[in-house]
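Scroll down for the structure; my scribbles are underneath it.
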């Protein structure tokens, strides 16, 4: 006998539920992740959708505590939930549901149907349009209304954004540059970056040359140095009109990193809807010494997880979309058609 749930349009059966969950997990593959490692694994079952950290795609040198990997999984979790809400499901999320398995990050269950909202549908569209653009932004400043909307979106998803004052940007830029030099001076870290960037990446993952600027950007806060020039054309722009913010929260534990990823996703999708370019910058959050600088920039507000740059993209060709793994490589529990 199939299980049914109340809701509009008649009671859905278990096959209906598993198909919705599988589609959500597949769409979550579009989420952003550090070095585009896509470190998530999904399990689809009759009782719901389970999210796991895939240690095989963790960065052991850059991210030994899995802080950024779990944050990336949080972004995928928010993407999956967004898709389910957009097709009319009410979703309940249990974070870190199994104390015996710290890699089991979340369980999603569906419990009723309701009409999809226009906001959710727009966010799904933004999921397909979102991209990472490492080029300098234009000289046009972001409107206060857009900044407020992005900040509220992050807060509603479980994270907070603190705007870095302009007179502290040099400090932020110095911390970011120091972190990148320290990581690149380490042979293991350098080899790890080379594994995930450029032409020899694992198929369907990593950062292609087409997404790496052809030369270092002339910005106060440097973008990621992948140790090689790419092929993405870069103009003479700077980041003078950009806004930098620190994504933060109350504590520094796996559940906080998971919520930070959900907040990053919500902020980024909202930014995409509003025509704002959002660039996550994790270098300064990857080393204990430079995380301490971020804490000073937060003036006692909480624990930093990530820096984001916000701006209006310069008029140019769109940055390329990053490659993606096939759904069958990240989802288990149901048959897949890639």
Just one listed residue, out of 124, 137, 87, 83, is out of contact with any strand residue (DSSP E or B) (no Cβ under 8 Å at 6 or more places or on another chain) and at pLDDT below 95, and it is 87
Within the range 249-269, the residues that are crowded, with 24+ Cβ neighbours inside 10 Å and over 14 Å from the mean Cα position of the chain (by Cα) are none
When residue 101 is run through (1) surrounded by 14 or more Cβ atoms within 10 Å (Cβ to Cβ); (2) in the same structural domain as residue 23 (by TED's automatic domain parsing); (3) touching a strand residue (DSSP E or B) at 6+ places or on another chain (Cβ under 9 Å), the failure sits at (1)
- Message: Based on this model, can you work out whether residue 183 counts as in contact (Cβ under 8 Å) with a residue 60 or more places away in the chain, assigned by TED's automatic domain parsing to the domain that holds residue 295 and surrounded by fewer than 13 Cβ atoms within 10 Å (Cβ to Cβ)?
- Response: no
* Asked: In this structure, does residue 172 turn out to be within 20 Å of the chain's Cα centre (by Cα) and either within 16 Å of residue 247 (Cβ to Cβ) or not assigned by TED's automatic domain parsing to the domain that holds residue 301 (or both)?
  -> no
Review point. Looking at the range 237-246, is at least one residue surrounded by fewer than 18 Cβ atoms within 10 Å (Cβ to Cβ) and either touching a helix residue (DSSP H, G or I) at 6+ places or on another chain (Cβ under 6 Å) or assigned to a helix (DSSP H, G or I) (or both)?
Key: no
Taking the range 217-236 and keeping residues in contact with a helix residue (DSSP H, G or I) (Cβ under 7 Å, 6 or more places away or on another chain) and assigned to a loop (DSSP other than H, G, I, E, B) leaves 220, 221, 222, 224, 225, 226, 227, 230, 231
The condition from (1) crowded, with 17+ Cβ neighbours inside 10 Å; (2) in contact with a strand residue (DSSP E or B) (Cβ under 8 Å, 6 or more places away or on another chain); (3) in the same structural domain as residue 154 (by TED's automatic domain parsing) that residue 301 misses is numbered (1)
If you go through 204, 199, the only one that is at pLDDT below 90 and either in a strand (DSSP E or B) or over 23 Å from residue 179 (Cβ atoms) (or both) is 199
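Can you find a residue in the range 215-222 that is crowded, with 23+ Cβ neighbours inside 10 Å and touching a residue at least 40 places away in the same chain (Cβ under 8 Å)?
There is at least one residue in the range 215-222 that is crowded, with 23+ Cβ neighbours inside 10 Å and touching a residue at least 40 places away in the same chain (Cβ under 8 Å).
The values are calculated or read from the model by the stated rules, or taken from the named source; none is laboratory data. What you see is a predicted model, and the numbers here were worked out from it, not measured in a lab. Every residue, glycine among them, receives a Cβ derived from its backbone with ideal geometry; neighbour counts consider all protein chains shown.
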